[in-house]
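Visitor: This is the structure, below, for whatever I ask next.
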Amino acid sequence: MYAIVEIAGQQFKVAKDQKVYVHRLQVEEGSKVTFDNVLLLDNNGSVTIGAPAIEGASVTAQVLGHLKGDKVIVFKKKRRKGYQKKNGHRQYLSEIQIESIAATGATKSAKTAATPKVEATKTATVDYSAMTVAELREVAKEKGIEEYSSLKKAELIEALTK
């Protein structure tokens with residue numbers, strides 16, 4: 001059984017007990033992490049493809065450690081111009097070990113917890129300064145404000161508070 005899962009913005013093909021190096025995760029060493037964005041699942045030949053993700057599927061992993069990758073040298077040169085730049089970096093990585101792949105039974109707790117908060121702000125006094133411009137334009141569209149798409153954030157807040 002294997003799965004293709006999105007971890008820290010990249011897609012990885014993972015199997016049980018596999019060790020994977022991913023971009024640095026903001027969790028402590030030894031803690032468990034669950035990834036809900038499973039794009040494909042293969043269970044002994046029966047393939048399930050998500051659109052874009054499979055509902056209820058999850059991958060559980062344990063963070064083994066944080067480390068830095070090999071040094072990458074970036075060398076730029078323009079011949080016959082006297083231009084040379086040498087630069088480099090070491091990528092911050094996390095080593096994780098896949099513990100289990102669950103096809104069903106996972107709940108997306110982050111999205112369900114965020115939904116009531118948005119509804120609560122709509123019923124109570126709304127803090128427009130904490131909203132993004134896209135959210136402000138959505139509210140302006142609902143309230144029927146004309147030419148909301150060309151307004152800046154401060155102008156949108158002023159129009160909505162009237």
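Visitor: Which residue, chosen from Thr34, Ala154, Ile54, occupies the Cα position most advanced towards the positive end of the dipole of the chain, where the dipole is computed from +1 (Lys, Arg) and -1 (Asp, Glu) charges on Cβ about the Cα centre?
Guide: Ala154
Visitor: Please state the charge dipole magnitude for the chain, taken about the Cα centre, from unit charges on C-beta atoms (+1 on K and R, -1 on D and E), reported in debye and rounded to the nearest 20.
Guide: Details: 26 positive and 19 negative charges, 346 e Å.
Approximately 1660 debye in magnitude.
Visitor: Do any of Lys16/Lys71; Lys19/Lys71; Lys19/Lys85; Lys16/Lys76; Lys32/Lys68 go past 31 Å between their Cα atoms, and which?
Guide: Distance filter (> 31 Å) returns Lys19/Lys85; Lys16/Lys76.
Visitor: May I pose another question? Accessible area per residue of the chain at 1.4 Å probe, in Å²?
Guide: Values: 11520 Å² over 162 residues.
About 71 Å² of surface per residue is accessible.
Visitor: Now for a separate question. Can you give the relative contact order of segment 22-91 as a percent, counting alpha carbon pairs under 8 Å and 6+ residues apart?
Guide: Averaging sequence separation for qualifying contacts and normalising by length gives 28 percent for segment 22-91.
Visitor: Restricting the calculation to Cα positions, tell me the Rg (one decimal) and the Dmax (whole number) of the chain in Å.
Guide: Both quantities, over Cα of the chain: 23.1, 67 Å.
Visitor: Same structure, new question: Residue by residue through segment 17-24, which ³J(HN,Hα) values in whole Hz follow from phi under the Karplus form 6.51 cos²θ - 1.76 cosθ + 1.60 (θ = phi - 60°), with glycine and proline marked x?
Guide: 6, 8, 9, 10, 9, 10, 4, 3
Visitor: Given an 8 Å cut-off on Cα distances and at least 6 residues of separation, report the relative contact order of the chain as a percent.
Guide: The normalised contact order for the chain reaches 21 percent.
Visitor: Once neighbouring chains are kept in place and the probe is 1.4 Å, which whole percent of the accessible area of the chain is contributed by carbon and sulfur?
Guide: Of all accessible area on the chain, carbon and sulfur atoms account for 50 percent.
The values are calculated or read from the model by the stated rules, or taken from the named source; none is laboratory data. Just so it is clear, the structure is predicted and the values come from calculations on it, not from any experiment. Because the Cβ atoms are built from the backbone with ideal geometry, glycine has one as well, and the counts that use them run over all protein chains shown. Please note that ligands, DNA and RNA were not included when accessible areas were found on the heavy atoms of the full protein model with its side chains. Shrake-Rupley method; radii C 1.70, N 1.55, O 1.52, S 1.80 Å.
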